[in-house]
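The values are calculated or read from the model by the stated rules, or taken from the named source; none is laboratory data. All values derive from a computational prediction rather than experimental measurement. Note: ideal-geometry Cβ built from the backbone for every residue, glycine included; neighbour counts use all protein chains shown. For the accessible areas, the whole protein counts, side chains as well, though only heavy atoms, and no ligand, DNA or RNA atoms are used. Shrake-Rupley method; radii C 1.70, N 1.55, O 1.52, S 1.80 Å.
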Amino acid sequence: MQINTPPRSTIRLTRRGRLALIATGAVVAATAVAVPLLTSGDDEDARPTSLVIPEGWRSGQVYDAIDKALALPPGSAKKTLTKAALKLPSEAEGNPEGYLFPATYPLAEKTTPESLLTAMVRTADKKFNGAPVSAGAQRNAMNVYQAVTVASLVQAEAATPEDMGKVARVVFNRLERGMPLQLDSTVNYALNRTTLKTTESDTRIDSPYNSYQRMGLPPTPIDNPGEEAMRAAISPTPGDWLYFVTVKPGDTRFTSSYEEHQRNVAEFNAAQKKASPQPTK
């Protein structure tokens with residue numbers, strides 16, 4: 001079903017719902033995450049015994065973490081993809097994004113990048129290819145790979161686990177109405193950065209991941225989602241929402257009304273302006 005919507009230059013859904021209008025450009029900041037390695041003791045030089053992959057990391061972050069954990073030159077893990085023979089779905093076309101499952105993986109003396117990547121994909125396969133996920137994907141007219149893609153958007157956009165189901169519903173509602181998703185998280189992915197100033201120029205980049213310019217889901221997942229995000233993707237919260245914005249921590253507002261959304265955004269912008277340090281005279 002098609003509906004009339006405001007011009008694309010005035011609609012915004014963003015990573016974790018922080019901003020909603022781009023009339024003059026806006027800032028979306030994501031905190032860089034340190035590689036979480038678990039060591040066997042207090043010796044900082046000791047070889048780590050485990051590697052923790054957080055929910056929402058992109059494949060590039062996972063490769064870097066593997067290289068660091070195994071004390072390998074940068075780029076080593078990524079170079080092993082061609083010989084790792086990962087058992088990915090055919091739709092992935094060899095790209096493991098979305099299937100490097102976030103979990104804690106043990107490290108041993110003989111651990112290799114190939115063995116870690118294989119373990120991550122095997123874990124994702126067990127989590128994603130069971131009957132509940134398959135049935136949930138079918139209920140929403142998707143295949144499992146598309147469900148993983150939606151879960152990756154939910155993982156990137158939801159400010160809290162409680163918001164995940166609502167974010168998933170916004171994604172489905174916009175798809176069903178023929179509306180572009182217009183998510184900054186997809187632009188971030190296209191530009192391969194996590195902390196950026198999102199401007200109108202950014203949203204015009206030529207990329208299949210630019211959900212401002214392209215309709216439908218991005219061609220692949222944009223990160224590696226966890227189980228909560230997947231549950232939200234296959235069982236979205238019922239609702240008619242089309243927009244959301246986090247006005248302040250713990251206060252994400254979802255609405256089907258563009259006018260109400262504009263008011264929420266104005267409140268967010270006022271709060272941000274008030275919180276910004278004022279220049280001294």
(message) Of the conditions (1) modelled with pLDDT of 95 or more; (2) farther than 25 Å from Tyr63 by Cα; (3) assigned to a loop (DSSP other than H, G, I, E, B), Glu200 satisfies every one except a single condition; which number is it?
(response) (1)
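Rundown of residues vs (1) modelled with pLDDT of 70 or more; (2) farther than 29 Å from Arg169 by Cβ; (3) in contact with a Lys or Arg (Cβ under 7 Å, 6 or more places away or on another chain), yes/no style:
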site	(1), (2), (3)
Val33	no, no, no
Ala46	yes, yes, no
Arg58	yes, no, no
Ile66	yes, yes, no
Ala92	yes, no, no
(request) Would you check which residues across segment 93-120 are within 16 Å of Lys68 (Cβ to Cβ) and either of a type in the set (Lys, Arg) or in a loop (DSSP other than H, G, I, E, B) (or both) and list them? (result) Leu100, Leu107, Thr111, Thr112
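Of these, Arg193, Arg214, which one is surrounded by 15 or more Cβ atoms within 10 Å (Cβ to Cβ), free of Cβ contacts under 8 Å to residues at least 60 places away in the same chain, part of a loop (DSSP other than H, G, I, E, B) and among the basic types (Lys, Arg)?
Numbers: Arg193 fails: surrounded by 15 or more Cβ atoms within 10 Å (Cβ to Cβ).
Only one candidate passes the filter, namely Arg214.
Could you list, in sequence order, the residues of segment 101-154 that are of a type in the set (A, V, I, L, M), within 25 Å of Asp184 (Cα to Cα) and out of contact with any strand residue (DSSP E or B) (no Cβ under 9 Å at 6 or more places or on another chain)?
Restricting attention to segment 101-154, the residues satisfying the condition of being of a type in the set (A, V, I, L, M) are 103, 107-108, 116-117, 119-121, 124, 131, 133, 135, 137, 141-142, 144, 147-148, 150-151, 153-154.
Cutting the leftovers down to within 25 Å of Asp184 (Cα to Cα) gives us 137, 141-142, 144, 147-148, 150-151, 153-154.
Ala137, Ala141, Met142, Val144, Ala147, Val148, Val150, Ala151, Val154, listed by residue number.
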(message) When you check Glu227 against the structure, is it more than 29 Å from Tyr63 (Cα to Cα) and either under 17 Å from the mean Cα position of the chain (by Cα) or open to solvent by less than 10 Å² (accessible area, probe 1.4 Å) (or both), yes or no?
(response) no
